[in-house]
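The values are calculated or read from the model by the stated rules, or taken from the named source; none is laboratory data. Since we're looking at a predicted model, the values are computed, not measured. Cβ placement follows ideal geometry from the backbone for every residue including glycine, while neighbour counts extend to all protein chains displayed.
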Amino acid sequence: MSTAESIPKVLDSFTEKWSPRLVAAINDHHVKVAKIDGEFIWHSHPNSDELFYLLSGKLTIELEGLDDVVMQVGDMFVVPKGIRHRPVAEEAQIMLIEHESTINTGDETSSDRTVQVKDARGQN
């Protein structure tokens, strides 16, 4: 508990895309990191907002019925709960903050992209 987590080390520890790693828990929210590339699926999170922070690469958050959000490294964007969205990335690394009950594919739980988050805490 008294050690810092190295986000670069966690990101270096895996190669899978669209497979988030848990790096911290804050109250009832999880902080996750992921490597992403290409298009994700359209989905929403009906009960919780989702925060994206772009660590590297290029990321666009497509929002159904709204303008796309084009992110640069260092940008943060919150997708409000209930908004259908789809991340589209070019070799990106992201940090996410989501409610602990959030499934990566939101309301599209039968997708082949639905994964269990792996716990990477303390693996530095």
- Query: Given the conditions (1) exposed (fewer than 13 other Cβ atoms within 10 Å of the Cβ); (2) farther than 30 Å from T3 by Cα; (3) touching a residue at least 12 places away in the same chain (Cβ under 8 Å), which single one is not true for L59?
  - Reply: (1)
- Task: Please give the number of the condition T60 fails out of (1) within 19 Å of R121 (Cα to Cα); (2) assigned to a strand (DSSP E or B).
- Result: (1)
- Item | Search result, residues across region 90-105 that are touching a Phe, Trp or Tyr at 6+ places or on another chain (Cβ under 9 Å) and either modelled with pLDDT under 90 or assigned to a loop (DSSP other than H, G, I, E, B) (or both) | N104, T105
- Message: Against the conditions (1) at pLDDT below 95; (2) within 23 Å of F14 (Cα to Cα), where does P46 fall short? Just the number, please.
- Response: (2)
- Message: Could you go through region 114-122 and let me know if any residue there is closer than 18 Å to H30 by Cα, in a strand (DSSP E or B) and touching a residue at least 60 places away in the same chain (Cβ under 8 Å).
- Response: yes
- When (1) free of Cβ contacts under 8 Å to residues at least 60 places away in the same chain; (2) among the hydroxyl-bearing types (S, T, Y); (3) under 27 Å from A4 (Cα atoms) are applied to T102, the one that fails is (1)
- Query: Name the residues in region 15-56 that are in contact (Cβ under 8 Å) with a residue 60 or more places away in the chain and outside any strand (DSSP E or B), would you?
  - Reply: W18, S19, P20, D28, F40, I41, W42, S44, H45, P46
- Of everything in region 79-99 that's at negative phi, of a type in the set (D, E, K, R) and in contact (Cβ under 8 Å) with a residue 40 or more places away in the chain, which residue is surrounded by the most Cβ atoms within 10 Å (Cβ to Cβ)? E98
